[in-house]
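A short worksheet on the structure shown next.
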Amino acid sequence: MKEPHNPPALVTSTSWRTLVSSVLLLALAVLTSSLNAAEPEPGAWLKKWQQQNPIWRGIQLSVANDSTAEALIAELPKLAALGINALVAEVDYGFAFDSHPDLRLSRVLTKPMAARLGQACRENGIRPIPLFNCLGHQSWSKNTFPLLVKHPEFDETPGQFPSNTNIYCRSWCPQHPEVNRIVFALIDEIIDGFSADALHVGMDEVFLLASEHCARCKGGDSAKLFAKAVSDLHGHIVGRRTIEMLMWGDRFLDGKATGYGKWEAAENGTHPAIDLVPRDVILCDWHYGKRAEYPSIPIFLEKGFRVWPSGWNKVEATEALIEAEQKHRNERMLGHLCTTWGAVKVPQMAEWPPIVAAMKRWAKRSD
(Lines give C-alpha, C1' and ligand atoms only; values in the text may rest on other atoms or scores of the structure.)
Protein backbone atom coordinates (compact mmCIF):
# COMPACT_ATOMS: atom_id res chain seq x y z
CA MET A 1 0.00 0.00 0.00
CA LYS A 2 1.33 3.43 -0.89
CA GLU A 3 2.28 5.67 2.08
CA PRO A 4 0.13 8.78 2.55
CA HIS A 5 1.71 11.79 1.00
CA ASN A 6 1.30 15.38 2.33
CA PRO A 7 1.57 18.07 -0.30
CA PRO A 8 4.87 19.98 0.06
CA ALA A 9 3.02 23.33 0.31
CA LEU A 10 1.04 22.15 3.35
CA VAL A 11 4.16 20.96 5.16
CA THR A 12 5.94 24.22 4.46
CA SER A 13 2.98 26.33 5.65
CA THR A 14 2.61 24.40 8.91
CA SER A 15 6.32 24.52 9.64
CA TRP A 16 6.43 28.24 8.91
CA ARG A 17 3.57 28.93 11.29
CA THR A 18 5.29 26.91 14.00
CA LEU A 19 8.57 28.74 13.42
CA VAL A 20 6.94 32.17 13.50
CA SER A 21 5.05 31.25 16.67
CA SER A 22 8.26 30.09 18.36
CA VAL A 23 10.12 33.25 17.34
CA LEU A 24 7.32 35.46 18.63
CA LEU A 25 7.21 33.63 21.95
CA LEU A 26 10.99 33.94 22.30
CA ALA A 27 10.87 37.65 21.44
CA LEU A 28 8.09 38.20 23.99
CA ALA A 29 10.11 36.41 26.65
CA VAL A 30 13.21 38.49 25.89
CA LEU A 31 11.19 41.73 25.93
CA THR A 32 9.49 40.83 29.21
CA SER A 33 12.84 39.96 30.76
CA SER A 34 14.30 43.25 29.55
CA LEU A 35 11.40 45.29 30.93
CA ASN A 36 11.60 43.52 34.27
CA ALA A 37 15.32 44.17 34.43
CA ALA A 38 14.79 47.87 33.67
CA GLU A 39 11.93 48.28 36.16
CA PRO A 40 13.33 49.37 39.54
CA GLU A 41 12.70 47.19 42.53
CA PRO A 42 10.06 48.71 44.85
CA GLY A 43 11.91 50.78 47.45
CA ALA A 44 15.17 50.66 45.48
CA TRP A 45 15.65 54.45 45.59
CA LEU A 46 15.12 54.56 49.35
CA LYS A 47 17.45 51.63 49.94
CA LYS A 48 20.18 53.37 47.96
CA TRP A 49 19.51 56.68 49.75
CA GLN A 50 19.78 54.98 53.14
CA GLN A 51 23.07 53.35 52.18
CA GLN A 52 24.51 56.65 50.99
CA ASN A 53 23.16 58.80 53.84
CA PRO A 54 23.84 57.45 57.33
CA ILE A 55 23.51 61.07 58.49
CA TRP A 56 20.24 62.89 57.76
CA ARG A 57 20.85 66.57 56.94
CA GLY A 58 17.40 68.05 56.46
CA ILE A 59 15.46 71.25 56.06
CA GLN A 60 11.82 71.93 56.91
CA LEU A 61 9.62 74.52 55.25
CA SER A 62 6.03 75.15 54.24
CA VAL A 63 5.30 74.10 50.64
CA ALA A 64 1.56 74.68 50.46
CA ASN A 65 1.22 76.09 46.95
CA ASP A 66 2.64 75.62 43.47
CA SER A 67 4.66 78.83 43.36
CA THR A 68 6.66 77.88 46.46
CA ALA A 69 7.23 74.39 45.05
CA GLU A 70 8.41 75.85 41.73
CA ALA A 71 10.88 78.13 43.51
CA LEU A 72 12.10 75.25 45.66
CA ILE A 73 12.69 72.97 42.67
CA ALA A 74 15.00 75.62 41.21
CA GLU A 75 16.99 75.74 44.47
CA LEU A 76 17.36 71.99 45.00
CA PRO A 77 20.73 71.66 43.20
CA LYS A 78 22.25 74.36 45.44
CA LEU A 79 20.78 72.80 48.57
CA ALA A 80 22.06 69.37 47.57
CA ALA A 81 25.52 70.79 46.90
CA LEU A 82 25.46 72.31 50.39
CA GLY A 83 24.84 68.86 51.87
CA ILE A 84 21.05 68.72 52.29
CA ASN A 85 19.72 65.19 51.76
CA ALA A 86 16.17 65.38 53.20
CA LEU A 87 13.26 67.79 52.82
CA VAL A 88 10.32 68.02 55.23
CA ALA A 89 7.66 69.75 53.13
CA GLU A 90 4.74 70.94 55.24
CA VAL A 91 1.53 71.02 53.21
CA ASP A 92 -1.28 70.60 55.76
CA TYR A 93 -4.55 71.76 54.14
CA GLY A 94 -2.73 73.53 51.31
CA PHE A 95 -3.11 70.48 49.07
CA ALA A 96 -5.45 69.71 46.17
CA PHE A 97 -7.49 67.04 47.94
CA ASP A 98 -9.95 65.12 45.78
CA SER A 99 -11.47 62.96 48.52
CA HIS A 100 -12.53 66.04 50.50
CA PRO A 101 -12.14 69.12 48.28
CA ASP A 102 -14.00 71.22 50.85
CA LEU A 103 -10.95 70.86 53.13
CA ARG A 104 -8.60 72.66 50.73
CA LEU A 105 -7.23 76.10 51.51
CA SER A 106 -7.67 78.80 48.86
CA ARG A 107 -4.14 78.30 47.47
CA VAL A 108 -2.89 74.75 47.21
CA LEU A 109 -0.12 72.51 46.03
CA THR A 110 -1.51 70.60 43.06
CA LYS A 111 -0.85 66.90 42.61
CA PRO A 112 1.20 67.31 39.40
CA MET A 113 3.41 69.85 41.19
CA ALA A 114 3.76 67.60 44.25
CA ALA A 115 4.87 64.81 41.92
CA ARG A 116 7.35 67.16 40.21
CA LEU A 117 8.77 68.26 43.56
CA GLY A 118 9.07 64.70 44.83
CA GLN A 119 10.84 63.58 41.66
CA ALA A 120 13.12 66.62 41.60
CA CYS A 121 14.12 65.90 45.19
CA ARG A 122 14.99 62.31 44.38
CA GLU A 123 16.96 63.34 41.29
CA ASN A 124 19.06 65.55 43.57
CA GLY A 125 19.57 62.85 46.19
CA ILE A 126 17.12 64.50 48.60
CA ARG A 127 14.46 62.44 50.36
CA PRO A 128 11.04 64.16 50.21
CA ILE A 129 9.03 63.84 53.45
CA PRO A 130 5.65 65.64 53.38
CA LEU A 131 4.16 66.89 56.63
CA PHE A 132 0.51 67.06 57.65
CA ASN A 133 -0.22 68.45 61.12
CA CYS A 134 -2.29 65.99 63.13
CA LEU A 135 -4.28 66.32 66.35
CA GLY A 136 -3.06 69.79 67.36
CA HIS A 137 -2.32 72.91 65.31
CA GLN A 138 -5.83 72.92 63.85
CA SER A 139 -5.93 76.70 64.04
CA TRP A 140 -3.58 79.66 64.00
CA SER A 141 -4.39 83.00 65.57
CA LYS A 142 -8.05 83.75 64.73
CA ASN A 143 -8.16 81.31 61.81
CA THR A 144 -9.48 77.80 62.35
CA PHE A 145 -8.36 75.35 59.68
CA PRO A 146 -10.79 73.60 57.32
CA LEU A 147 -11.23 70.29 59.14
CA LEU A 148 -12.78 71.85 62.23
CA VAL A 149 -14.62 74.51 60.21
CA LYS A 150 -16.36 71.90 58.07
CA HIS A 151 -16.61 69.35 60.89
CA PRO A 152 -17.06 71.24 64.17
CA GLU A 153 -18.16 67.97 65.73
CA PHE A 154 -14.50 66.85 65.60
CA ASP A 155 -13.36 69.73 67.82
CA GLU A 156 -11.92 68.79 71.22
CA THR A 157 -13.48 71.99 72.59
CA PRO A 158 -16.69 72.34 70.54
CA GLY A 159 -18.35 75.73 70.72
CA GLN A 160 -15.65 77.14 72.99
CA PHE A 161 -13.14 79.96 72.53
CA PRO A 162 -14.75 82.09 69.82
CA SER A 163 -12.16 83.47 67.38
CA ASN A 164 -9.69 81.19 69.20
CA THR A 165 -9.28 83.63 72.05
CA ASN A 166 -7.31 82.47 75.12
CA ILE A 167 -5.97 79.33 73.42
CA TYR A 168 -2.85 78.55 71.41
CA CYS A 169 -4.18 76.13 68.77
CA ARG A 170 -7.26 73.96 68.47
CA SER A 171 -7.13 70.16 68.51
CA TRP A 172 -9.37 67.51 67.07
CA CYS A 173 -10.84 64.86 69.33
CA PRO A 174 -8.76 61.66 69.10
CA GLN A 175 -11.78 59.58 70.09
CA HIS A 176 -14.32 60.85 67.59
CA PRO A 177 -15.37 57.76 65.59
CA GLU A 178 -15.26 59.52 62.20
CA VAL A 179 -12.18 61.73 62.38
CA ASN A 180 -9.61 59.10 61.37
CA ARG A 181 -11.58 58.08 58.30
CA ILE A 182 -11.30 61.59 56.88
CA VAL A 183 -7.76 62.30 58.09
CA PHE A 184 -6.45 59.02 56.66
CA ALA A 185 -7.96 59.86 53.27
CA LEU A 186 -6.12 63.21 53.28
CA ILE A 187 -2.89 61.53 54.35
CA ASP A 188 -3.19 58.95 51.58
CA GLU A 189 -3.55 61.66 48.94
CA ILE A 190 -0.45 63.47 50.19
CA ILE A 191 1.59 60.26 50.31
CA ASP A 192 0.51 59.33 46.79
CA GLY A 193 1.02 62.86 45.49
CA PHE A 194 4.69 62.85 46.51
CA SER A 195 5.18 59.09 46.01
CA ALA A 196 6.50 59.44 49.55
CA ASP A 197 8.22 56.73 51.58
CA ALA A 198 7.76 58.66 54.84
CA LEU A 199 5.25 61.10 56.35
CA HIS A 200 5.67 63.60 59.18
CA VAL A 201 2.48 63.93 61.27
CA GLY A 202 3.37 66.98 63.37
CA MET A 203 1.78 66.37 66.84
CA ASP A 204 3.67 69.17 68.60
CA GLU A 205 2.37 71.64 71.18
CA VAL A 206 -0.89 69.83 71.84
CA PHE A 207 -2.41 71.67 74.80
CA LEU A 208 -6.12 70.91 74.33
CA LEU A 209 -6.59 67.27 75.24
CA ALA A 210 -8.87 65.47 77.71
CA SER A 211 -10.94 68.64 77.67
CA GLU A 212 -13.87 69.12 80.00
CA HIS A 213 -15.75 70.36 76.94
CA CYS A 214 -15.42 67.04 75.07
CA ALA A 215 -18.11 64.47 75.84
CA ARG A 216 -15.77 61.61 74.87
CA CYS A 217 -12.49 62.79 76.45
CA LYS A 218 -13.63 64.57 79.60
CA GLY A 219 -11.87 63.11 82.61
CA GLY A 220 -9.61 60.99 80.42
CA ASP A 221 -5.89 60.33 80.75
CA SER A 222 -3.98 62.79 78.54
CA ALA A 223 -1.12 60.35 78.00
CA LYS A 224 -3.42 57.53 76.90
CA LEU A 225 -5.38 59.84 74.61
CA PHE A 226 -2.19 61.15 73.01
CA ALA A 227 -0.82 57.62 72.65
CA LYS A 228 -4.07 56.55 70.98
CA ALA A 229 -3.72 59.29 68.38
CA VAL A 230 -0.10 58.35 67.70
CA SER A 231 -0.88 54.64 67.51
CA ASP A 232 -3.86 55.16 65.21
CA LEU A 233 -1.70 57.17 62.81
CA HIS A 234 1.08 54.59 63.05
CA GLY A 235 -1.34 51.78 62.25
CA HIS A 236 -2.35 53.49 59.03
CA ILE A 237 0.98 54.99 57.90
CA VAL A 238 3.39 52.27 58.96
CA GLY A 239 1.00 49.35 59.16
CA ARG A 240 -1.21 49.87 56.12
CA ARG A 241 0.90 52.13 53.89
CA THR A 242 4.21 50.49 54.95
CA ILE A 243 6.17 53.75 55.05
CA GLU A 244 8.00 55.51 57.87
CA MET A 245 6.32 57.90 60.30
CA LEU A 246 7.94 60.96 61.84
CA MET A 247 6.61 63.37 64.48
CA TRP A 248 7.75 66.13 66.80
CA GLY A 249 8.78 64.70 70.16
CA ASP A 250 7.93 67.45 72.65
CA ARG A 251 4.74 65.86 74.07
CA PHE A 252 6.76 62.81 75.19
CA LEU A 253 8.98 64.90 77.50
CA ASP A 254 8.27 65.93 81.08
CA GLY A 255 8.58 69.71 81.02
CA LYS A 256 9.44 70.04 84.70
CA ALA A 257 11.82 67.08 85.00
CA THR A 258 13.80 68.08 81.92
CA GLY A 259 13.66 71.82 82.56
CA TYR A 260 12.35 72.47 79.06
CA GLY A 261 9.03 73.97 80.16
CA LYS A 262 5.58 73.59 78.58
CA TRP A 263 6.57 74.40 74.97
CA GLU A 264 9.57 72.20 74.22
CA ALA A 265 8.08 69.57 76.53
CA ALA A 266 4.75 68.82 78.24
CA GLU A 267 3.21 70.04 81.45
CA ASN A 268 -0.28 68.70 80.72
CA GLY A 269 0.34 65.04 81.47
CA THR A 270 1.08 63.61 78.00
CA HIS A 271 4.71 62.60 78.65
CA PRO A 272 3.98 59.02 79.92
CA ALA A 273 2.70 58.31 76.39
CA ILE A 274 6.35 57.70 75.46
CA ASP A 275 5.98 54.17 76.88
CA LEU A 276 2.69 53.50 75.07
CA VAL A 277 3.62 54.03 71.42
CA PRO A 278 5.54 52.00 68.80
CA ARG A 279 9.32 52.40 68.92
CA ASP A 280 9.78 52.71 65.16
CA VAL A 281 8.29 56.22 65.12
CA ILE A 282 11.05 58.75 64.33
CA LEU A 283 11.09 61.61 66.86
CA CYS A 284 12.08 65.08 65.71
CA ASP A 285 13.43 66.65 68.89
CA TRP A 286 13.10 70.42 68.42
CA HIS A 287 14.96 72.97 70.53
CA TYR A 288 15.62 76.52 69.38
CA GLY A 289 17.62 78.02 72.25
CA LYS A 290 21.21 77.46 73.31
CA ARG A 291 21.58 75.15 76.30
CA ALA A 292 24.46 73.44 78.07
CA GLU A 293 22.69 70.09 77.73
CA TYR A 294 19.77 68.69 75.77
CA PRO A 295 18.54 65.83 77.99
CA SER A 296 15.81 64.81 75.55
CA ILE A 297 18.34 63.28 73.15
CA PRO A 298 19.59 60.58 75.56
CA ILE A 299 16.05 60.09 76.91
CA PHE A 300 14.68 59.28 73.47
CA LEU A 301 17.69 57.15 72.53
CA GLU A 302 17.52 55.13 75.73
CA LYS A 303 13.82 54.46 75.04
CA GLY A 304 14.81 52.93 71.71
CA PHE A 305 13.62 55.63 69.31
CA ARG A 306 15.41 57.05 66.30
CA VAL A 307 15.98 60.74 66.95
CA TRP A 308 16.31 63.64 64.52
CA PRO A 309 17.15 66.77 66.57
CA SER A 310 15.85 70.00 65.08
CA GLY A 311 17.06 73.58 65.43
CA TRP A 312 15.88 76.90 64.02
CA ASN A 313 17.19 80.41 63.47
CA LYS A 314 20.08 80.95 65.90
CA VAL A 315 23.54 79.84 64.80
CA GLU A 316 24.93 79.43 68.32
CA ALA A 317 21.91 77.38 69.38
CA THR A 318 22.19 75.25 66.24
CA GLU A 319 25.86 74.56 66.91
CA ALA A 320 25.19 73.71 70.56
CA LEU A 321 22.44 71.28 69.58
CA ILE A 322 24.68 69.61 66.98
CA GLU A 323 27.43 69.26 69.58
CA ALA A 324 24.94 67.36 71.75
CA GLU A 325 23.88 65.26 68.76
CA GLN A 326 27.45 64.23 68.06
CA LYS A 327 28.14 63.59 71.74
CA HIS A 328 25.31 61.05 71.81
CA ARG A 329 25.87 59.71 68.33
CA ASN A 330 24.84 56.15 67.58
CA GLU A 331 22.95 54.40 64.78
CA ARG A 332 19.62 55.84 66.02
CA MET A 333 20.85 59.45 66.30
CA LEU A 334 20.01 60.38 62.73
CA GLY A 335 21.56 63.82 62.19
CA HIS A 336 20.06 67.31 62.15
CA LEU A 337 16.91 68.97 60.81
CA CYS A 338 16.97 72.72 60.12
CA THR A 339 13.51 74.19 60.57
CA THR A 340 12.74 77.51 58.90
CA TRP A 341 9.21 78.58 59.98
CA GLY A 342 9.10 81.43 57.48
CA ALA A 343 12.34 83.04 58.70
CA VAL A 344 14.01 82.72 55.29
CA LYS A 345 12.76 82.86 51.70
CA VAL A 346 13.35 79.89 49.43
CA PRO A 347 15.94 81.61 47.16
CA GLN A 348 18.09 82.48 50.20
CA MET A 349 17.95 79.11 51.96
CA ALA A 350 21.31 77.85 50.69
CA GLU A 351 22.96 80.95 52.19
CA TRP A 352 20.96 81.13 55.45
CA PRO A 353 23.49 81.09 58.35
CA PRO A 354 21.82 78.39 60.53
CA ILE A 355 21.60 76.00 57.56
CA VAL A 356 25.16 76.75 56.45
CA ALA A 357 26.43 76.24 60.01
CA ALA A 358 24.58 72.92 60.36
CA MET A 359 25.96 71.63 57.08
CA LYS A 360 29.50 72.58 58.04
CA ARG A 361 29.12 70.70 61.30
CA TRP A 362 27.60 67.56 59.77
CA ALA A 363 28.47 67.43 56.07
CA LYS A 364 31.84 65.78 56.65
CA ARG A 365 30.55 63.52 59.41
CA SER A 366 28.78 61.06 57.11
CA ASP A 367 30.94 58.02 57.88
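Points worth noting:
- Meets criteria (in contact (Cβ under 8 Å) with a residue 12 or more places away in the chain, touching a Phe, Trp or Tyr at 6+ places or on another chain (Cβ under 8 Å), among the charged types (D, E, K, R) and farther than 26 Å from Leu301 by Cα) for Glu264: no
- When residues in the range 328-357 are screened for being surrounded by fewer than 19 Cβ atoms within 10 Å (Cβ to Cβ) and in contact with a Pro (Cβ under 9 Å, 6 or more places away or on another chain), 3 of them pass.
- Picking from residues in the range 294-307 that are out of contact with any helix residue (DSSP H, G or I) (no Cβ under 7 Å at 6 or more places or on another chain) and part of a loop (DSSP other than H, G, I, E, B), the one that is surrounded by the fewest Cβ atoms within 10 Å (Cβ to Cβ) is Gly304.
- Matching residues in the range 82-116 - criterion: being more than 19 Å from the chain's Cα centre (by Cα), free of Cβ contacts under 8 Å to residues at least 24 places away in the same chain and assigned to a helix (DSSP H, G or I): Pro101
- So Tyr288, is it of a type in the set (Phe, Trp, Tyr), surrounded by 19 or more Cβ atoms within 10 Å (Cβ to Cβ) and either over 20 Å from Leu79 (Cβ atoms) or touching a residue at least 40 places away in the same chain (Cβ under 8 Å) (or both): no
- Only listed residue being under 20 Å from Val63 (Cα atoms) and of a type outside the set (D, E, K, R), chosen from Thr340, Thr318: Thr340
- Verdict on Gly219 being assigned to a loop (DSSP other than H, G, I, E, B) and at positive phi: yes
- Residue satisfying condition, being surrounded by 22 or more Cβ atoms within 10 Å (Cβ to Cβ), touching a His at 6+ places or on another chain (Cβ under 8 Å), in the same structural domain as Ile187 (by TED's automatic domain parsing) and within 17 Å of Gly136 (Cα to Cα), within set Ala273, Ala223: Ala223
- Residue under evaluation Ser195, criteria (1) in contact (Cβ under 8 Å) with a residue 60 or more places away in the chain; (2) crowded, with 18+ Cβ neighbours inside 10 Å, criterion not met: (2)
- Residues that are assigned to a loop (DSSP other than H, G, I, E, B), in contact (Cβ under 8 Å) with a residue 12 or more places away in the chain and not β-branched (Val, Ile, Thr) occur in the range 239-251; there is at least one.
- Summed over the range 170-203, residues that are in a loop (DSSP other than H, G, I, E, B) and either within 21 Å of Leu283 (Cα to Cα) or among the basic types (Lys, Arg) (or both) total 6.
- Odd one out for Arg127, checked against (1) in contact with a Phe, Trp or Tyr (Cβ under 8 Å, 6 or more places away or on another chain); (2) surrounded by 15 or more Cβ atoms within 10 Å (Cβ to Cβ); (3) more than 16 Å from Leu61 (Cβ to Cβ): (3)
- Given (1) farther than 19 Å from Cys338 by Cα; (2) surrounded by fewer than 18 Cβ atoms within 10 Å (Cβ to Cβ); (3) not basic (Lys, Arg), index of the condition Pro77 fails: (1)
- Complete set of residues in the range 267-283 that are in a loop (DSSP other than H, G, I, E, B) and free of Cβ contacts under 8 Å to residues at least 60 places away in the same chain: Glu267, Gly269, Leu276, Val277, Pro278, Arg279, Asp280, Val281
- Residue match in the range 320-340 (condition: at positive phi and either in the same structural domain as Val307 (by TED's automatic domain parsing) or hydroxyl-bearing (Ser, Thr, Tyr) (or both)): yes
- Counted residues, the range 350-365 - those being hydrophobic (A, V, I, L, M, F, W, C) and over 14 Å from Asn85 (Cα atoms): 2
- Search result, residues across the range 166-181 that are out of contact with any Lys or Arg (no Cβ under 8 Å at 6 or more places or on another chain) and at negative phi: Ile167, Tyr168, Cys169, Arg170, Ser171, Trp172, Pro177, Glu178, Val179, Asn180, Arg181
- Candidate set: the range 46-74, residues that are more than 16 Å from the chain's Cα centre (by Cα) and closer than 14 Å to Met359 by Cα; chosen: the one surrounded by the most Cβ atoms within 10 Å (Cβ to Cβ): Ile55
The values are calculated or read from the model by the stated rules, or taken from the named source; none is laboratory data. Treat the numbers as computed from the prediction; the structure is a model and nothing was measured. Glycine gets a Cβ as well: all are built from the backbone with ideal geometry, and neighbour counts include every protein chain shown.
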